[in-house]
């Protein structure tokens, strides 16, 4: 049973190394994409099973660049070896169950795709994200091209200049969810094959808003793999539906995870990872190591 861990990193290098240490095992591989625009110095351990993605790209919030970076992680892994399962993590994640439990749980659930998933518009995923042509505005503020793109986006929204979904996919149902997921090898290969053979679909999503929360969900939701979807096993505490970031993990969250572990296992409500952590989360990480990762259950 071989897992490919796919990690998106852009800051918090000390915590990233803690994450790597917590999930690393000789039979698995870890692939890391470091945001090309990051000014942080990373000191990632040198190991045969830890791979830094070459030709990394600048990743900007809300743009298709995030999807492109994830696809680089996937294709790098597929070229490297054959895996039973793929788990997408951020550099601010950390496991809340030990390696042995994670491996056993994945092995027993290889047929499932763990990805938060809902028909749009639901769960704060407005159809405006795909209905209106969106130009990424990630250039430095007050540059002429930045102002121009912001103005074009504003005009499109104010005048409600909508666009049609590509005719070839007019029968598709639209789905959205969270960024972080875990998928079987068969599902990953299906997604990559779909992308390779459907450039119009890909190009359409290049001009949507926060596509990483829709792109993979819509592909999977219109395939046979829809029947195998379960909710993500990565925990995040969103203070409210309008929050732009989840709350940082604190002692109360660790206590919650411990209570979850001590309860009889509910196979559809198990958390294996949590987010978010940073370089100042030593206390919480140490507590997780002591209370959770040392458990033999």
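The values are calculated or read from the model by the stated rules, or taken from the named source; none is laboratory data. Given the structure is predicted, the values throughout are model-derived calculations rather than measurements. Cβ coordinates were reconstructed from backbone atoms using ideal geometry, including for glycine residues, and neighbour counts include every protein chain displayed.
Overview of values
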| quantity | calculated |
| --- | --- |
| Qualifying residue in region 77-98 (condition: surrounded by fewer than 16 Cβ atoms within 10 Å (Cβ to Cβ) and outside any loop (DSSP other than H, G, I, E, B)) | yes |
| Selection status of residue 219, within 30 Å of residue 67 (Cα to Cα) and modelled with pLDDT of 95 or more | yes |
| Region 157-201, subset part of a helix (DSSP H, G or I) and closer than 14 Å to residue 134 by Cα, residue modelled with the lowest pLDDT | 158 |
| Pairs with Cβ under 7 Å, 6+ apart, first in region 128-140 and part of a helix (DSSP H, G or I), second modelled with pLDDT under 75 and surrounded by fewer than 20 Cβ atoms within 10 Å (Cβ to Cβ) | 131/162 |
| Residue list for region 217-230, restricted to those being out of contact with any strand residue (DSSP E or B) (no Cβ under 8 Å at 6 or more places or on another chain) and either part of a helix (DSSP H, G or I) or closer than 28 Å to residue 246 by Cα (or both) | 219, 224, 226, 227 |
| Any hit, region 260-274, residues being modelled with pLDDT of 95 or more, in a strand (DSSP E or B) and either crowded, with 19+ Cβ neighbours inside 10 Å or in contact with a helix residue (DSSP H, G or I) (Cβ under 9 Å, 6 or more places away or on another chain) (or both) | yes |
| Residue 208 vs. criteria assigned to a loop (DSSP other than H, G, I, E, B), in contact (Cβ under 8 Å) with a residue 24 or more places away in the chain and under 22 Å from residue 75 (Cβ atoms) | yes |
